[in-house]
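Reading through the structure tokens given below for one structure.
The values are calculated or read from the model by the stated rules, or taken from the named source; none is laboratory data. If you're wondering where the values come from, they're calculated on a predicted model, not measured in any experiment. Every residue, glycine as well, gets a Cβ built from its backbone with ideal geometry; the counts of neighbours run over all protein chains shown.
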Amino acid sequence: MKYTFLLFVLCLFPVFSHAQWQERGGTFDLIHLERHQFRLNLLSPGFTYEFGIFKNQSVSTDLGLAAATYEEGYAFGLASNNRYRYYYNFGRREYLGKNTSGNSANYIAAAQAIFFSQLRISTNIEGPKDFNLGFYGLVYGIQRTFKNGFNFNAELGAGFYKGDGIPDGYGPLFNFTFGWVATKRKSKEPIFD
């Protein structure tokens with residue numbers, strides 16, 4: 001029985017060492033990107049969860065106050081925002097000695113936002129009272145996390161607003177959040193010697 005256990009451990013050793021290699025510079029390369037990041041948004045009450053998936057890429061979702069504005073009018077209320085982010089300047093920021101922890105970098109993202117009729121506060125869009133509105137587009141964003149855990153994220157983009165029972169149209173998207181990162185962040189110290 002001891003030899004079986006020893007053989008099992010020896011067989012798993014290459015798997016563990018390969019997983020560590022991937023984490024530090026292989027396929028997944030999450031040297032700078034946080035694997036999990038949970039933020040509490042203070043200005044627009046809500047929360048954000050970001051999950052690192054590949055080198056410099058993450059997906060995020062948040063729930064908070066937001067405004068949609070396009071050709072037909074505006075809607076304001078709670079919205080669900082989803083992003084597929086590509087961070088493009090982690091290496092440059094580290095080279096310049098700037099902070100990269102807490103996903104502090106610039107990114108381009110595919111964006112989706114859903115404005116639910118049940119959570120809407122106000123609107124001037126003409127149509128049925130019970131309508132949902134979705135946004136699909138691209139955004140450019142800047143995210144910074146400071147040593148004390150405070151975080152801001154600013155996004156600017158444009159896309160297509162798809163109405164459920166109301167006219168569709170094109171319009172801009174601006175998103176700004178300020179909050180606090182509730183999860184542990186990676187060290188700012190350089191990874192390479």
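Filtering the stretch 123-140 for residues that are modelled with pLDDT of 90 or more, under 18 Å from V59 (Cα atoms), touching an Asp or Glu at 6+ places or on another chain (Cβ under 6 Å) and surrounded by 13 or more Cβ atoms within 10 Å (Cβ to Cβ) leaves a non-empty set. Output yes when any residue across the stretch 79-94 is without any contact (Cβ under 8 Å) to a residue 24 or more places away in the chain, in a loop (DSSP other than H, G, I, E, B) and in the same structural domain as S44 (by TED's automatic domain parsing), and no when none is. Yes: the stretch 79-94 contains one or more residues that are without any contact (Cβ under 8 Å) to a residue 24 or more places away in the chain, in a loop (DSSP other than H, G, I, E, B) and in the same structural domain as S44 (by TED's automatic domain parsing).
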